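Here is the structure we will look at.
The values are calculated or read from the model by the stated rules, or taken from the named source; none is laboratory data. Everything numeric in this text was worked out from a predicted model, so none of it was measured. Reconstructed Cβ throughout: ideal geometry from the backbone, glycine too, with neighbour counts over all protein chains shown. What goes into the accessible areas is simple: the full protein's heavy atoms, side chains included, and nothing from ligands, DNA or RNA. Shrake-Rupley method; radii C 1.70, N 1.55, O 1.52, S 1.80 Å.
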Amino acid sequence: MLAPTGRDGPLTIEILARADMAAVLARDVEDLCALAVSGVAALLIAEEVLVPAAAGRVAELIARQEPWSDLPVVVFTGAGGTIQGRRPTVASLAPLGNVTLLERPVQIMTLVSAVRAAIRERRRQFATRGHLEALAASVQSRDRFIATLGHELRSPLSAIAMSSELLDRGGIDPARARAILQRQSAKITRLVEDLLDVARVTSGKIALERRRVDLRDVVARALDGIDDAAARAGVRLVVEVPPSPVLLEGDPVRLDQILANLAGNAVKYTPAGGAITVRVGADGGRAQVRVRDTGIGIAPELLERIFEPFAQADHALQRAQGGLGLGLALVRGLAALHGGTVRAESAGPGQGSEFVLELPAGLSAAEPDRGAEPAPPAMPRRCVLVVEDSDDNRETVVMLIEAFGHGTAAAADGPSGVRTALETRPDAAVIDIGLPGFDGYEVARRIRSALGASVLLVALTGYGRPEDKQRAYEAGFDVHLTKPADAATLGRVLAATPRA
Ligand code: ADP
């Protein structure tokens, strides 16, 4: 849109209209300024309109622009002569901004091309504004996310700090403190895992470890633990499964993650006195799990949005319940990796919600289930070396291994780890990767070359990406466990160690 002013106005409008450019005529400079802030592409002004007061208004308008904006101003000047000296108002305007002077008589071609160039430039400015706003929004959403993450980490950390303080003062029953510590550290672990998993799912870096599984077993395992939370929240949990197996090829760990998230949300968003029903079914080639609750429900416009990462942080949904808004993004990504889908249904706020997970099934019940986990073997006594530089971590791992009934030796850096290994010739070594002196990979290489194949080398590290595991195996590790390792898993790994 253009705002030509002065006596050439109607003619200019007509010329521009023929060149497909719309223009409006401003009555005076005030009108022109009002049009300018309403988003025109350029201002066309006849020089004689620019008496000093009017030129001052236009200069002010130019000066007050947003940083991204450089409004093109085209001034029709009188014919001939120099600008300097003879036309002080125009001369003072020219250096202020994006001002083009067209001397009259103006050729039609010159006018059209000058205005076209001004419009093209203005478009670029608006595009820049779009980018800047998107950037500002993403910075804002990152800041909000970091604040939410801080909050989500602080609250379990505070429970952990307080219960250990209470333990010190003898002000808490140890069993109660233990339950709190386990629950809260599990919360932090889940948070960190969700964060890393969302990053990996969205960049397509998660590889499924598929096995034949019975969906009924996966559901039972996922709900183990959720039923406690439901009982604490005063919510009834009902599970309905068909009598025959619902078999599919899936990654049991990832399916567990999907179901634990859906059922966990159902508990989180259902007030006391409500009920949750988890129903497993199969229909033709699809296996289905429906998680229905009688909770707070979901507004129709949010039914899709809640599956976006950080949806909660971005849309200020149920803040009171905590969480990062990552769970459902993860659920959808993991379901898609299985060739499945997940959707939310709800009649609206206060009406409860239902999440429907559908996965490709279609294996016949007659096929053998080779997915059953072997029972943990009995624990023979071993000598285990722990190499870890963090005192607290080393001490707790040593205590845990001793609690399994094994003997231990310990070292706090790479070189003394290798030295202790050569002195004590352990059956197994549990080794951190980031160590002073040289790293855990080097420790593993040296122990392996000195003691041979009989020593079991376990990497226990915070780096859990597939490439980290690969690197560990290449350095000679037999097993890679990501911190915080599950105590039972570590126990099983050590029990399986062959004696040297
Ligand atoms: P979080 O629970 O950490 O916020 P999720 O990705 O699991 O993250 O969920 C995103 C949002 O979806 C939640 O904040 C909540 O508003 C909504 N939501 C999820 N499950 C339910 C449910 N069962 N009932 C009502 N709202 C839900």
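Can you give the Rg/Rh ratio of the chain, where Rg is from the C-alpha atoms and Rh is the Kirkwood radius? Mind showing how you got there, number by number?
Values: Rg = 34.8 Å, Rh = 28.9 Å.
Reported Rg/Rh (Cα atoms, Kirkwood Rh): 1.20.
Quote the charge dipole size of the chain about the Cα centre in Debye, to the nearest 20; the model charges only the Cβ of Lys and Arg (+1) and of Asp and Glu (-1). Provide the component values of the computation, followed by the final result.
Details: 57 positive and 61 negative charges, 64 e Å.
Roughly 300 debye for the chain.
Given a 1.4 angstrom probe, what's the average accessible area per residue across the chain, in square angstrom?
Details: 25430 Å² over 500 residues.
Per-residue accessible area for the chain comes out at 51 Å².
Report, as a whole number in µm² per second, the diffusion coefficient that Stokes-Einstein gives for the stretch 211-360 at 37 °C and 0.692 mPa s using the Kirkwood radius over alpha carbon pairs.
Working: Rh = 15.4 Å.
Here the translational diffusion coefficient equals 214 µm²/s.
At 7 Å along the Cα-to-beta-carbon direction for both residue 244 and residue 396, put a label point, then send me their distance in nm to one decimal.
4.8
Mean projection of the alpha-carbon convex hull of the stretch 145-203 over all orientations, in nm²? Present the calculation step by step, with values, prior to reporting the outcome.
Details: hull surface 17.2 nm².
The number I arrive at for the stretch 145-203 is 4.3 nm².
Using 0.36 nm per residue, how much length does the chain from residue 51 to residue 96 gain when fully extended, once their Cα-Cα distance is taken away? Don't skip to the end; give the middle numbers.
Numbers: separation 45, 0.36 × 45 = 16.20 nm, distance 1.65 nm.
Once the chain is fully extended between residue 51 and residue 96, it gains 14.6 nm.
Go through 149-160, 459-470, 265-276 and give me the packing order, highest mean Cβ count within 10 Å leading. List each step's numbers first, then the result.
Details: 149-160: 14.6, 459-470: 16.3, 265-276: 18.9.
Sorting 149-160, 459-470, 265-276 by mean packing, highest first, produces 265-276, 459-470, 149-160.
Which residue, 289, 359, 235, has the largest displacement toward the positive end of the dipole of the stretch 211-360 when charges sit on each Cβ (Lys, Arg +1; Asp, Glu -1)?
Sorting the options by dipole projection puts first 235.
What is the Cα radius of gyration of the stretch 418-459 over 2.2 N^0.38 Å, N being its residue count? Please list the in-between numbers first.
Working: Rg = 9.3 Å, N = 42, 2.2 N^0.38 = 9.1 Å.
For the stretch 418-459, the normalised Cα radius of gyration is 1.02.
Using all alpha carbons of the stretch 383-495, what is the percent of pairwise distances in each 10 Å bin, ordered from the shortest bin to the longest?
For the stretch 383-495, the pair-distance distribution reads 16, 55, 29, 1.
Report the calculated FRET efficiency for residue 155 and residue 286 (r = Cβ-Cβ distance, R0 = 45 Å), to the nearest 0.05. Mind showing how you got there, number by number?
Numbers: r = 39 Å, r/R0 = 0.87.
For residue 155 and residue 286, the calculated efficiency is 0.70.
DSSP beta bridges in the chain, what fraction antiparallel, as a percent rounded to 5?
Approximately 45 percent, going by the DSSP bridge assignments.
Work from the charge dipole of the chain (Cβ charges, +1 for Lys and Arg, -1 for Asp and Glu, about the Cα centre) and give the residue of 341, 109, 219 farthest towards its positive end.
Farthest towards the positive pole: 109.
Dipole of the stretch 2-130, Cα-centred, from +1 at each Lys and Arg C-beta and -1 at each Asp and Glu C-beta, to the nearest 20 debye? Provide the component values of the computation, followed by the final result.
On the way: 14 positive and 13 negative charges, 60 e Å.
Around 280 debye, computed over the stretch 2-130.
Highest mean first, what order results for 427-434, 246-253, 284-291 on Cβ atoms within 10 Å? Kindly include the intermediate steps, with their values, before the conclusion.
Values: 427-434: 24.4, 246-253: 20.8, 284-291: 18.0.
Final packing ranking: 427-434, 246-253, 284-291.
How much space per residue, in cubic angstrom, does the convex hull of the C-alpha atoms of the stretch 112-254 take up? Display every interim value, and only then the final one.
Numbers: hull volume 33.7 nm³, N = 143.
That works out to 236 Å³ per residue.
Lysines near residue 469 by alpha-carbon distance under 27 Å, same-chain residues fewer than 8 away left out - which ones?
Partners found: 187, 205, 483.
Hey, what do the phi angles of the stretch 190-204 turn into as Karplus ³J(HN,Hα) couplings, whole Hz, using 6.51/-1.76/1.60 and θ = phi - 60°, x for Gly and Pro?
Along the stretch 190-204, the couplings run 4, 4, 5, 5, 4, 4, 5, 5, 4, 4, 6, 5, 5, 9, x Hz.
Mind giving me the nanometre distance, one decimal, between the label points for residue 208 and residue 471, set 7 Å out from Cα along Cα→Cβ?
Using points 7 Å along Cα→Cβ, the separation is 2.9 nm.
With the full set of protein chains in place, find how many percent of the accessible area of the chain is carbon and sulfur; take the probe as 1.4 Å. Please report the intermediate quantities before stating the final value.
Details: 14020 of 25430 Å².
That fraction is 55 percent.
Assign unit charges at the C-beta atoms only (+1 for Lys and Arg, -1 for Asp and Glu), then state the dipole size of the stretch 219-281 relative to its Cα centre in Debye, rounded to the nearest 20. Walk me through the numbers before you get to the answer.
Numbers: 6 positive and 7 negative charges, 51 e Å.
That gives a dipole near 240 debye.
Just subtract the alpha-carbon distance of residue 121 and residue 345 from 0.36 nm times their residue separation and send over the number in nm, one decimal. List each step's numbers first, then the result.
Working: separation 224, 0.36 × 224 = 80.64 nm, distance 4.71 nm.
Stretched out fully, the residue 121 to residue 345 stretch lengthens by 75.9 nm.
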